[in-house]
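As structure tokens, the structure follows; a few thoughts come after it.
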Amino acid sequence: MSGNYNDVVVTSRVRLARNAEGLPYPHKLNDDRALLLVRKVYEAVNKRRSDENADDAYGNEEYALYRMETLGDIDGEVLREKHLISSDLLDNKKYGAAIINDSETVSVMVGEEDHIRAQCILQGFNLPEAYRKINGVDDDISKAVKFAYDPKLGYLTSCPTNIGTGMRASAMMFLPGLSITHNLEQCVGAVARLNMTIRGVYGEGSETDGYLYQISNQKTLGVSEQDILSSVQASIGHIADTELKARDELYKAGETALKDRILRSFGILCHAYTLDSKEFMKLFAMVKLGAYYGLIKVSDSQKFEKLVTDAQPANILNLSGKKLGEEERDIFRAAYVAKTLKSICKR
């Protein structure tokens, strides 16, 4: 078998944490200054579109404003499932806001754990480009908001683990080979020694459904942004190499059993009458592994990968356009997944 890092790295993300000088941290900011901050950030990120002479660092896209106070529960969960906002932001109903571009690659949360958390998420192994884009956003916001900064410590953040650059570089990785062969724990220990951490698909404390893991830097103080990018890229490369090797070993060790498990999973997803999100993630991971081995041919990889988000509870409700109970939702999910897979996949 042969593969590349994009067979392992699902998305790349760079996130910057910033706070406005002179303001209390968000959990203590309970007045109109919070709303003024939202307006300043919103105007700053949209200013580039009206500036014809601006150096286009991150795309000439329009940014939409989502206020948590007016955002419906389902709409909020849809954004969270897409990794565009966090649970902490959803909890800040009165003052929290998200500013998101048209392509949903850049999201700026205002009023989360820090005043500003700006992130860029791109498909595949693409950290340098994610950094370039979000750095441009950060530069524009800094022209409208003076950041809390200490010459010795760097950017001052609510959580001490973010002080310094305030930067987290991460990748969402698909690691079935290491998981099934029980070699992931050894890999976790190796990256921990490099000041990296491995978490579930929705960050700290979340579950690792579908063999999806988030790898990111732990250290932000005493290192530069370029240092972080380099170390995270090297760690991701090492894990990806190990994962691809594990997939080859997995196939050689039990080809018949593995093929049976993959094709049974594909069959269930194409014919199930009801399907909950956990079962979907488990089965789809095997189908995705089958696509890597060439056992399942995928004609539209973007639509295929998007199923992971589309099949989540809030996104399924949003796609249905109806108020569904849990059982009705699982029936709709099964039909939607089956229809999608049948349209883009074949054995």
Tell me whether the range 222-231 contains one or more residues that are in contact (Cβ under 8 Å) with a residue 60 or more places away in the chain, out of contact with any Ser or Thr (no Cβ under 8 Å at 6 or more places or on another chain), surrounded by 14 or more Cβ atoms within 10 Å (Cβ to Cβ) and among the polar types (S, T, N, Q). no
Among the residues of the range 70-115, the number that are buried (at least 23 other Cβ atoms within 10 Å of the Cβ), of a type in the set (Gly, Ala, Ser) and under 17 Å from the mean Cα position of the chain (by Cα) is 2
Within the range 64-98, residues being among the small types (Gly, Ala, Ser), at pLDDT 95 or above and more than 21 Å from His27 (Cα to Cα) number 1
Wholly inside the range 285-347, helices (runs of 4 or more DSSP H) that include 1 or more residues that are closer than 18 Å to Glu104 by Cβ are 301-310, 313-320
Reported set for the range 136-151 where residues are surrounded by fewer than 18 Cβ atoms within 10 Å (Cβ to Cβ) and either within 22 Å of the chain's Cα centre (by Cα) or among the charged types (D, E, K, R) (or both) is Asp139, Lys143, Lys146, Asp150
Among residues of the range 171-185 being part of a helix (DSSP H, G or I), under 21 Å from the mean Cα position of the chain (by Cα) and aliphatic (A, V, I, L, M), the residue nearest to Ala253 (Cα to Cα) is Leu178
Picking from Thr242, Thr220, Thr256, the residue that is assigned to a loop (DSSP other than H, G, I, E, B), of a type outside the set (A, V, I, L, M) and either touching a helix residue (DSSP H, G or I) at 6+ places or on another chain (Cβ under 9 Å) or more than 18 Å from Val14 (Cβ to Cβ) (or both) would be Thr220
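The values are calculated or read from the model by the stated rules, or taken from the named source; none is laboratory data. Please read these numbers as outputs of a predicted model, since none were measured by experiment. As a convention, Cβ positions derive from the backbone with ideal geometry for all residues, glycine included, and neighbour counts pool all protein chains shown.
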